[in-house]
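Written below as structure tokens is the structure these notes are about.
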Amino acid sequence: YNGQLDEIIRTEADILRRLKEAVRQETLEVWYQPIMRLNDNRFSTAEALVRLPNGKGGFFSAGQVISLAERSGIVEELGDYVLRRACLFMRECGKGLGLRRIGVNLSVQQLLVGNSADHLLRLIQSTGIDPQFVTLEITESVLIQSIDQAAQALEKLRQAGVHIALDDFGVGYSSLNYLSNLPVDIIMIDRSLTRQILTSPKQYALLKSIVDMASINELSVVAEGGETQEEQQAIAKTGLSYIQGYYYARPMPEEELNHFLSQ
Ligand code: C2E
Ligand code: MG
Ligand code: MG
């Protein structure tokens, strides 16, 4: 047990050291996963995902990097970095590639600090793009826990044109009841709900009812997952509008996305 604990501590220290250095030297990578709009079969948005090189030719898992950054008090700096990079990419290439928006994940700390909306809007505008080209993604669990503090900031962001997405929908807290009251424009259904779509009629019915409920509330729905054609077809049958899955495209570096979408 002690050996395992030592190993975890060493890995985390390694990640933290590399992360701080990568932010300072601006070598931290931001990859993009295009999202398919089903009504016209086009990639109309993409999600920015952080990628920290592990020094062995691969990358640490984004989830691990973010959770460590959150615990170490550097997630605001990391979040600003990713947002700025994604906005600059959108300014340079977005239109030419047919992207209407770029999605960026937000940690709770970024939202709950004072003046978070002003800070984020200033940052977006400083890159020269209009806030209407940005979607900020907030995880469902976080939003529900801190809705009172977060609502004002989210409303301010939305008034400036930013879209707000409820990320990881379906992990734990979900209640269809509150969908009508939240200051959000999009819900992103977690892969845990789409994974069993082919084998479980119950899971399909649940997905379908989420999509119907979202549509009543005029929310867009993105399904995360869909790795095979069969999965993709079953998900699409629920009537939702967007799919983000390996079947269409994996996350990729900026140059690769340029190439991929140009084709
Ligand atoms: P997320 O925001 O829900 O992002 C979607 C995740 O699902 C990505 O994992 C993506 O690679 C994965 N995914 C998409 N389609 C498929 C599929 O068909 N099959 C499978 N198995 N997976 C698929 P990734 O890049 O590892 O990111 C994990 C999480 O880390 C993200 O989940 C997000 O919560 C967090 N994250 C990543 N970048 C950032 C960031 O810049 N800031 C913050 N705060 N969080 C981030
Ligand atoms: Mg996300
Ligand atoms: Mg998600």
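Where a number appears in this text, it was derived from the coordinates with a stated rule and is not lab data. All of these numbers come straight from a predicted model, not from anything done at the bench. Neighbour counts run over all protein chains shown; Cβ positions are idealised from the backbone, glycine included.
Summary of values
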quantity: Cα gyration tensor shape for the chain, rounded if a/c is under 1.5, else prolate or oblate; calculated: rounded
quantity: Per-selection Kirkwood Rh - the range 101-252 (Cα, Å, 1 d.p.); calculated: 16.1
quantity: Estimated inter-spin distance, Phe59 and Gln125, nm [label 7 Å along Cα→Cβ]; calculated: 3.2
quantity: Length released on extending from Arg24 to Ile74, taking residue separation times 0.36 nm less the Cα-Cα span; calculated: 16.8 nm
quantity: Over the range 24-174: Rg over Rh, Cα atoms, Kirkwood Rh; calculated: 0.95
quantity: Lysine pairs in the chain with Cα atoms under 27 Å, if 8 or more residues apart or on separate chains; calculated: 4
quantity: DSSP bridge orientation in the chain - percent antiparallel, rounded to nearest 5; calculated: 35
quantity: Rg and Dmax [Cα atoms of the range 42-122; Å; Rg one decimal, Dmax integer]; calculated: 14.1, 39
quantity: Net length gained if the chain between Leu5 and Asn181 were fully extended (0.36 nm per residue, minus Cα distance); calculated: 59.0 nm
quantity: Mean Cα-pair separation over length for the chain, i.e. relative contact order, pairs under 8 Å, 6 or more apart, %; calculated: 18
quantity: Debye, to nearest 20: dipole size of the range 1-69, +1 on Lys, Arg Cβ, -1 on Asp, Glu Cβ; calculated: 140
quantity: Kirkwood hydrodynamic radius (C-alpha pairs) into Stokes-Einstein, the range 6-82, 10 °C and 1.306 mPa s, D in µm²/s; calculated: 116
quantity: Equivalent-ellipsoid semi-axes of the range 187-246, from the Cα gyration tensor, Å, largest first; calculated: 17, 12, 9
quantity: For Arg37, net neighbour charge (Lys/Arg +1, Asp/Glu -1) across residues whose Cβ lies under 12 Å away; calculated: +2
